[in-house]
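The structure under discussion appears below in the form of structure tokens.
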Amino acid sequence: MGKEKVSPLAASENSVKKYLSGKEWVIYLVAVFFYTNMTGMIAEYRKAYLVDIMMLDENRMAFFNSFTSIAGFALSFVYAMILDNRKPKNGQKFKRLGILAAIPCGLVTFLIFYAPSFIANNPNIFLAYIIILAVVQGLVFYFGNTVNLVAMVMSPNAKEREKLISFRQISSSVGNSAPLVIVMVMGVIVKAINHGESNTALNYLLSAGLCSVIGTITMLLGMSVVKERITYKQEAKKNPLMGFADVLKNKHARIVLYSEFLKSFRGIATFMQPFIAAAMLGSSSKTLFFALPVGIGTMCGMLIVNFLLKRLSARVIYIGSGIYSVLANLIAFGVGYLKLTREDMSWLQIPFIICLWLVGLQFGASNLLPHQFQADILDDLELKTQKRLDGSLPFVLTIGSTLSATIASTVAPYILYGDKSIIHYVQGLEDGTQQGLKTKILLLFFYTVVHGIMMFLAGVPFFFYKLTGKEKDRVHEEVLAQRAMIAAQNGETTEVNNG
């Protein structure tokens with residue numbers, strides 16, 4: 001593959017030239033899709049597996065959620081240091097990490113849904129087992145997430161980068177929802193093989209195995225093909241505390257930090273998804289019928305956001321999406337409430353599905369725009385500090401989200417089930433529709449209204465966010481010129497891989 005010499009005077013040329021080949025686009029997006037199959041399988045079904053299959057009580061579930069959240073955050077401090085201080089080899093910083101993480105990511109995804117009988121039969125040993133797996137999961141998927149991070153450095157062209165990030169998020173969202181289809185289809189296959197008897201535990205295990213194998217193979221392929229095309233400054237080993245301090249001093253990063261803190265309380269709502277599916281449709285394996293319209297809405301929402309970005313700033317779109325989220329979720333709750341309480345209004349099933357699609361539209365902004373904000377803030381930080389803080393920025397941004405997500409995941413089991421719970425969900429029912437009417441209504445309330453409120457609050461800090469429009473363009477142009485200048489001082493030219 002040839003190299004192109006880029007002088008400092010040609011820095012602005014980097015902002016208009018296209019660097020990615022069609023092959024690189026396709027293989028990268030496929031890798032992202034199947035990587036998020038693995039993360040989606042864990043996110044969507046581990047809760048249902050632990051609560052309804054392994055019958056983990058609410059106290060152990062709450063301890064598991066809180067301990068793994070806190071431990072994972074503490075360990076991510078170390079992971080961020082490793083990432084920030086990793087020296088590029090042949091101009092590539094993320095590539096080898098993604099390749100090394102591929103097989104462990106696949107293995108952990110499978111093991112999360114598998115427990116030998118001598119472990120499963122002892123509640124305390126089983127708790128220790130799933131905690132260890134969750135800690136290992138945090139390690140391998142932190143570095144496996146370089147599959148996503150690499151998009152920020154695959155092109156020095158800001159427009160091409162934004163387009164790649166947009167398509168990456170669409171691929172990621174679809175991939176994250178794909179296990180819902182996989183589990184449903186696998187359930188049909190298992191039932192057919194098992195003489196008409198369903199086996200949810202086997203269904204989850206086989207689905208996780210399929211996601212693991214394909215995810216591992218495509219990660220290896222995708223990270224072998226991608227190229228990083230920015231100039232990494234040759235630096236002495238970074239003091240991680242200085243990197244974190246640099247991020248915290250950045251007013252744009254602090255605004256995103258506050259927003260992520262508020263947004264992650266929606267974890268209470270997302271925790272309820274497999275259980276409301278069980279209560280309204282009979283089984284958590286039918287979560288697809290809730291998640292599919294939301295997922296389709298998310299994809300449509302991303303396309304709408306990309307269209308709106310040509311006319312409005314990302315800041316305005318994000319604030320507007322929060323207001324929209326409250327309204328859409330209130331409407332969804334109202335329609336769902338009527339559907340549950342009025343047997344003579346069974347026709348409301350279709351309007352309810354449409355409402356879920358409307359709710360999904362908001363995810364287009366909440367899933368896509370934070371990654372664009374993060375890419376812009378990395379440029380701003382690089383301009384001000386002359387350092388790439390690829391590990392420090394995500395770590396600091398997760399301080400708020402980890403705190404709120406820990407609170408949400410600790411409180412959610414106590415809200416959902418147990419003698420002192422609010423919802424009083426009954427574990428292990430073969431037919432989930434046997435849950436009480438009050439239980440179903442409360443599940444719907446937490447799934448919709450609570451989510452809408454959190455997304456509205458997440459948009460409030462962005463009233464004070466200024467790194468958009470002309471200011472964002474100015475920062476990007478100046479950081480390109482700075483890279484070219486550094487390259488000229490070190491070796492007269494910057495080498496950029498041609499896609």
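The values are calculated or read from the model by the stated rules, or taken from the named source; none is laboratory data. The shown structure was predicted, so the numbers you read here are calculated from the model rather than taken from an experiment. Positions of Cβ are generated from backbone atoms using ideal geometry, with glycine treated the same way; all protein chains shown enter the neighbour counts. When the accessible area is computed, the model is the full protein with side chains, heavy atoms only, and any ligands, DNA or RNA have been set aside. Shrake-Rupley method; radii C 1.70, N 1.55, O 1.52, S 1.80 Å.
General observations
- Per-residue accessible area (protein heavy atoms, 1.4 Å probe) orders Ile377, Ile70, Ile82 as Ile70, Ile82, Ile377, starting from the largest.
- The largest accessible area among Lys93, Lys23, Lys387 belongs to the first residue in Lys23, Lys387, Lys93, and the rest follow in falling order (1.4 Å probe, all chains).
- Exposure of Trp357 as accessible area (Å², to 10), given a probe of 1.4 Å and all protein chains: 90
- Set of aspartates and glutamates near Lys191 by C-alpha distance (under 20 Å), chain-local residues within fewer than 8 positions excluded: Asp52, Glu430, Asp431
- Close amide-amide hydrogen proximity is noted between Ser155 and Arg229, each under 5 Å apart and 5 or more residues distant or on a separate chain (H modeled in the peptide plane; Pro and chain starts excluded).
- Heavy-atom accessible surface of Lys384, to the nearest 10 Å², is about 130 Å², with a 1.4 Å probe and all protein chains retained.
- Backbone geometry of segment 57-71 corresponds, through the Karplus equation with coefficients 6.51, -1.76 and 1.60 at θ = phi - 60°, to 3J(HN,Hα) couplings of 6, 5, 5, 5, 5, 5, 5, 4, 4, 6, 5, 5, 5, 5, 5 Hz, x marking Gly and Pro.
- Solvent-accessible area of Ile353 with every protein chain in place, 1.4 Å probe, in Å² to the nearest 10: 70
- Relative packing of 337-344, 444-451, 421-428, which averages over residues the other C-beta atoms within 10 Å, highest first: 444-451, 421-428, 337-344
- Ignoring aspartates and glutamates fewer than eight residues from Lys159 along the same chain, the ones with Cα atoms less than 13 angstrom from its Cα are Glu13, Asp376, Asp473, Glu477.
- Residue-span extension gain [Ala128 to Val225] - 0.36 nm each, minus C-alpha spacing: 31.1 nm
- Listed residue pairs exceeding 26 Å between alpha carbons, taken from Lys163/Lys249; Lys17/Lys387; Lys310/Lys472; Lys18/Lys93; Lys263/Lys339; Lys47/Lys251: Lys163/Lys249; Lys263/Lys339; Lys47/Lys251
- Peptides 394-407, 106-119 ranked from most to least packed by the mean count of surrounding Cβ atoms within 10 Å: 394-407, 106-119.
- Across the accessible surface of the chain, with the other protein chains kept in place and a 1.4 Å probe, carbon and sulfur atoms take up 67 percent.
- Of Ala291, Ile182, Ala279, farthest towards positive along the dipole that unit charges on Lys, Arg, Asp, Glu beta carbons give segment 160-304: Ala291
- Solvent-accessible surface of segment 268-392, taken per residue with a 1.4 Å probe and all protein chains present: 38 Å².
- Extension gain (nm, one decimal) between Val188 and Lys310, 0.36 nm per residue minus Cα-Cα: 39.5 nm
- A simple rule links phi to the HN-Hα coupling: the Karplus curve 6.51 cos²θ - 1.76 cosθ + 1.60 with θ = phi - 60°, which for segment 297-302 gives x, 4, 4, 4, x, 5 Hz, with x for Gly and Pro.
- Nearby aspartates and glutamates by direct alpha-carbon distance to Lys89 (threshold 13 angstrom, same-chain neighbours under 8 apart not counted): Glu228
- Ordering of 185-197, 124-136, 283-295, 32-44 by burial proxy (mean other Cβ atoms within 10 Å per residue, highest first): 32-44, 283-295, 124-136, 185-197
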